[in-house]
Amino acid sequence: MFEARNMCSGYGEMAVLKDISFSVKDEIFAVLGANGAGKTTLLKTLARLLPVQSGDLTLDGSDVSATPAYSMPGAGVAYVPQEGNVFPDLSVLENLSIGGRTGHRSKAEKLDEVFALFPRLKERRSQAAGSLSGGEGQMLAVGRALMQDPQVLLLDEPSAGLSPLFVDTLFTSIADTRRDRGLTIVLAEQNAVKTLEIADRVMVLSLGEMHLLRDRADLSMSDITAAYHI
Amino acid sequence: MDYLIFSFSLMLVYIGLAQLLHIQFGMAGIPNFGVVGFWGLGLYGTGVLYLTYDVPLFIAIAMASLLSAAAGYVLALLVLQRSGQAVLAATLALSAIIATLIVSEKDITGGVQGLGTIKFPFGDMDGRNIVFMVFILIVVIALVWLSAKLRDSRMGRQLVAIRDNEELAASLGKNTASTKRWVFAVTCGMMGVLGGMSAPLHQFLVPYQLAPSLTFAVWIALVLGGKGHNLGATVGVFVTFGLFDILIETYAPVPAEQAILLPNFKLFCYGLVLIMIIMFRPRGMLGEDKPRVRARPAQAQGVPRET
Ligand SMILES: Nc1ncnc2c1ncn2[C@@H]1O[C@H](COP(=O)(O)OP(=O)(O)OP(=O)(O)O)[C@@H](O)[C@H]1O
Ligand SMILES: [Mg+2]
């Protein structure tokens, strides 16, 4: 899967992420950190929406540091951004269909699967996505990513703005999807408690630097709090 | 009568231009403020090829519209991935450059003295102007129809997606830069076709015809009618050009001494209506096209709604 070595990235000339090295295996890989730590920057770099300024980034062994974003779905990577993650003027169904041209399964089959996971989307399939609630929009964004039949799913704070009850549902469905599909998930989150329930490994970012990267089993909440405040 | 046919033909050209702008701006979100430039390349390109090089009219139109498309493509390559404001400024500037070149390159274009006469096709037939008007009508109807098809096609959804959120569209596998570039080039080329077809309408080409007022008229029509609705452009042109330039100017019993005020009165009314629309119906008279896939409400299918 993804492997980064001494990777720097950011906006224009400015480096936000400095010297990040990690490799994502077949797992749920959590990226934690305070506001502005660089989680979104990391996920956008993996989705190839931000340039790799220096260092290496490979996907399944091949260099992707200069690959354009539009080639990533074909390489099995789906990305769910933190905000602005649906097309408001397209219907729910159009949103789901727009990315679903990768993978070998039929669109109908994938659609059934997404609707089974999020029945609410089926009810609202002809509604404009702009008129969905925040939580429904989040379901739509995750559903659309699943339509791509990805090998790697990049999820940026899927729980942001959701009610605690729904966060439970969402995390359960993320864990289920991983189990059923053997899908690798890179999950950026603020919600450390919930994330620890499902993550296999945890990375903590602070001010663009990596301060911790460890298996969940060897990790306690106090380690994380300590890394947060470096 | 001939004047009425001329006005009506010109109105059809405006409808076509507004429809193309609906694709460029309404669907793809590209603010083209240089409509007159792409139209003008078609107009003058056709004129020069037809008069100076004796190219048959329809071939001249086709060749000139390739020029418009090429200009659109190159401009897109340079600025389309920059901000909307940059695109707006660049397209406006390009149309000004084209107008200036047409004045200054008088060996080719005739400069301020103009270029003429471009005759209607179809030989000496009676009512050639009517036949030509019908020809424009067919082209414009085809354009409106194609644009309706486009919105419901995969390409149309892709354009709306790019307009809504280009980064997201790219991360879903769309080569957004290339899609926008080609759509812009093709639609600019079609503006060139309309320009070429305007050549026999005007018969005599002068640089004054390339004034930015054409761009603004088309924009006003689109915003009035509704940039997000497929028929918005058409309705907008009927309300502006149709109402004022044809109905009022032709039929209203305006005394001669007031007649010179009419163009100003027209601009005043455009402005007023535009302000009202922006205040009370910001999406235009027709509003927005809704997503096409419609299903019955969930309850009707016996699915209980969650509460
Ligand atoms: N478009 C941008 N241009 C310049 N700097 C940016 C841009 N977006 C983010 N940054 C900077 O990059 C740093 C990291 O931001 P990032 O969005 O990656 O944080 P985050 O960990 O995702 O935070 P949050 O939890 O609030 O989403 C911040 O200091 C921010 O100011
Ligand atoms: Mg973020």
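One table, with the values for the structure above:
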read-out	value
Check: the protein assembly as shown dipole with +1 on Lys, Arg Cβ and -1 on Asp, Glu Cβ, in debye	860 debye
With Cα atoms, 0 to 90° folded angle of helix B:35-52 axis to chain B main axis	40 degrees
Antiparallel DSSP beta bridges within the protein assembly as shown, percent to nearest 5	55 percent
Area buried, chain A against chain B - accessible surface, total, 1.4 angstrom probe, square angstrom	2500 Å²
Mean accessible surface per residue for region B:2-210, computed with a 1.4 Å probe while every protein chain stays in place, in Å²	41 Å²
Rounded percent of accessible protein surface that carbon and sulfur make up, the protein assembly as shown, 1.4 Å probe	62 percent
Local net charge near B:His202, Cβ-Cβ under 14 Å (Lys/Arg +1, Asp/Glu -1)	0
Distance from region A:54-76 to region B:79-108 (C-alpha centre basis), Å	38 Å
Among B:Asp124, B:Asp152, B:Asp164, residue whose mean-square fluctuation peaks in a GNM of chain B (springs only between Cα atoms under 10 Å)	B:Asp124
When each of A:Lys18/A:Lys194; A:Lys18/B:Lys180; A:Lys39/A:Lys107; B:Lys227/B:Lys266; A:Lys194/B:Lys174 is checked by Cα-Cα distance, pairs over 25 Å	A:Lys18/A:Lys194; A:Lys18/B:Lys180; A:Lys39/A:Lys107; A:Lys194/B:Lys174
Value of relative contact order over region B:2-210, rounded to a whole percent, pairs C-alpha under 8 Å and six or more apart	43 percent
Label zone at A:Asp60, where the point sits 7 Å out along the Cα-to-Cβ direction: region B:157-179 residues whose backbone N lies under 18 Å	B:172-173
Highest-fluctuation residue, B:Ala28, B:Ala93, B:Ala252 considered, GNM on chain B with Cα pairs under 10 Å	B:Ala252
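The values are calculated or read from the model by the stated rules, or taken from the named source; none is laboratory data. Predicted model only: the values in this text are computed from it and were never measured. Note that we place each Cβ from the backbone using ideal geometry, even for glycine, and neighbour counts take in every protein chain shown. For accessibility, only protein heavy atoms count, side chains too; no ligands or nucleic acids. Shrake-Rupley method; radii C 1.70, N 1.55, O 1.52, S 1.80 Å.
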